[in-house]
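Accompanying notes for the structure given below.
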Amino acid sequence: MTQNWARPPFPFRFSTSGIRLERMTLGILFLVLTGFVWVSVGAAIGHVERSGLSLVRYQILSCAASVTFGLAGWAAAPGAFFPQSPCPRSTWALVVAGTFLCGVFNYLMIVELGRAMREGPNSIVWAVVQSGLVYPFLMGWLVFGVTMTPMRFLGIVLIVASVFLYATRGGAVGTSAPLRRWLPAALLGMFFCGVNQCGANLPSYLEGGKDFSGTFRSFSLHFGLLAASLVHVGIRKLRGDGLEPARPGEYRGLALWSFGVGAASFLVGKYLTFPGLDRLEQSGAGAMGYPVAVAACIAGFFPYGVFVLRERVSARQALGAVLGIAGILLGCL
């Protein structure tokens, strides 16, 4: 007869057959990997900007690639695209609206982020906008009754602190532009950031919401992002502020990066982000999903900036990376 050991406080279960990861730990792992993939997406965007390519065209092409991947997944397994079990109409409406609007608000967040960065200190603007991670945390806690243990609460405090510490440099932070020129856009970006994360997290809490495949949810999100991008470009064109004509060879230079990021974005949503959010909700820790992913992204950018971009990192930024990792670990308790 197999003898089982007593369950320890850390979320692993030991037995004579080996160590079996529990659902919450697996969900944390999925969200950590999501954050690491976001590092690669950010690196690609940085390359596009440094190369003088059109970031707007890049975003449209990468979203189109993600949507194409979603349609291919639908064609390959049409039966797995939609829920197989009966699902309330309200869940259908909220899942579709939540994931689609997640993409729309993600695009609006990028627009406001860029506007605030043009006028204000980029490091502080980044910290303000990324603080939107508290929105899905509060939604899970206050709306859906997620249990908030002292350790998890301390974890979210450390993650928020890591955002601000990592985004500040030891000395001056950039520009002396008055607050009124950049703070409203940064706060609006934070709102859009928080709302889009709530939309992505919402299906995990709904009756039957987890029956919607990661393929469907990732497709809906990127379709919303693509739609918002095209609508915004159309509005700019009507106002006489359209995109400049593409330079010779620009689309060829964008193709590889757009396809790579589009594929990565779709696949990480299908296999990591949404399954991770579902697993955390099932284990009673759904509110920790996006804070964990953002903290992992911050921690991942730290070595990327130091060893790849050769950037100088302050002691505050190093402390921020450490606090982010500590917040993730506390969220597992």
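The values are calculated or read from the model by the stated rules, or taken from the named source; none is laboratory data. Given the structure is predicted, the values throughout are model-derived calculations rather than measurements. With ideal geometry, Cβ positions are generated from the backbone for all residues, glycine too; neighbour counts draw on all protein chains shown.
Of the set (1) within 29 Å of Val48 (Cβ to Cβ); (2) in contact with a Lys or Arg (Cβ under 7 Å, 6 or more places away or on another chain), all apply to Gly289 but (2). Against the test of being closer than 18 Å to Ser218 by Cβ, of a type outside the set (A, V, I, L, M, F, W, C) and touching a Phe, Trp or Tyr at 6+ places or on another chain (Cβ under 8 Å), the options Gly73, Gly79, Gly98 yield a single qualifying residue, Gly73. Residues of region 40-77 that are farther than 16 Å from Leu225 by Cβ and touching a Gly at 6+ places or on another chain (Cβ under 7 Å): Ser51, Leu53. If I ask for residues that are out of contact with any Cys (no Cβ under 9 Å at 6 or more places or on another chain), among the small types (Gly, Ala, Ser) and closer than 18 Å to Phe274 by Cα, which ones from region 78-100 would you list? Correct list: Ala80, Ala93, Ala97.
Set side by side, the residues Val111, Val125, Val129, Val134 differ, and just one is touching a residue at least 60 places away in the same chain (Cβ under 8 Å) and in contact with a Phe, Trp or Tyr (Cβ under 8 Å, 6 or more places away or on another chain), which is Val125. Among the numbered conditions (1) in contact (Cβ under 8 Å) with a residue 40 or more places away in the chain; (2) more than 18 Å from the chain's Cα centre (by Cα); (3) under 19 Å from Tyr205 (Cβ atoms), the only one that Trp92 does not meet is (1). Residue count for region 294-314 satisfying the condition of being in a helix (DSSP H, G or I) and in contact (Cβ under 8 Å) with a residue 60 or more places away in the chain: 11.
In the condition set (1) at pLDDT below 85; (2) part of a helix (DSSP H, G or I), Met109 is compliant with all but (1).
Taking region 116-167 as the range and being in a helix (DSSP H, G or I) and over 20 Å from the mean Cα position of the chain (by Cα) as the test, the residues that pass are Arg118, Glu119, Leu142, Val143, Pro150, Met151, Phe153, Leu154.
Look at Ala161 and say whether it is at pLDDT 85 or above, in contact with a helix residue (DSSP H, G or I) (Cβ under 9 Å, 6 or more places away or on another chain) and more than 25 Å from Val233 (Cβ to Cβ). Please lay out each step first, then the result.
On the way: at pLDDT 85 or above: yes; in contact with a helix residue (DSSP H, G or I) (Cβ under 9 Å, 6 or more places away or on another chain): yes; more than 25 Å from Val233 (Cβ to Cβ): yes.
So Ala161 fits the description; yes.
I'd like the residue in region 233-249 that is touching a helix residue (DSSP H, G or I) at 6+ places or on another chain (Cβ under 7 Å) and either within 18 Å of Cys63 (Cα to Cα) or surrounded by 17 or more Cβ atoms within 10 Å (Cβ to Cβ) (or both) and, out of all such residues, is modelled with the lowest pLDDT. Top of the filtered list is Leu243.
For region 250-274, which residues satisfy the criterion of being under 13 Å from Gln59 (Cα atoms) and free of Cβ contacts under 8 Å to residues at least 24 places away in the same chain? Give the derivation first.
Initial filter on region 250-274 (under 13 Å from Gln59 (Cα atoms)): 251, 254-263, 265.
Listed by number, the list holds a single entry, Leu256.
Among all positions in region 190-203, there is no residue which is surrounded by fewer than 18 Cβ atoms within 10 Å (Cβ to Cβ), assigned to a helix (DSSP H, G or I) and either free of Cβ contacts under 8 Å to residues at least 40 places away in the same chain or on the phi > 0 side of the Ramachandran plot (or both).
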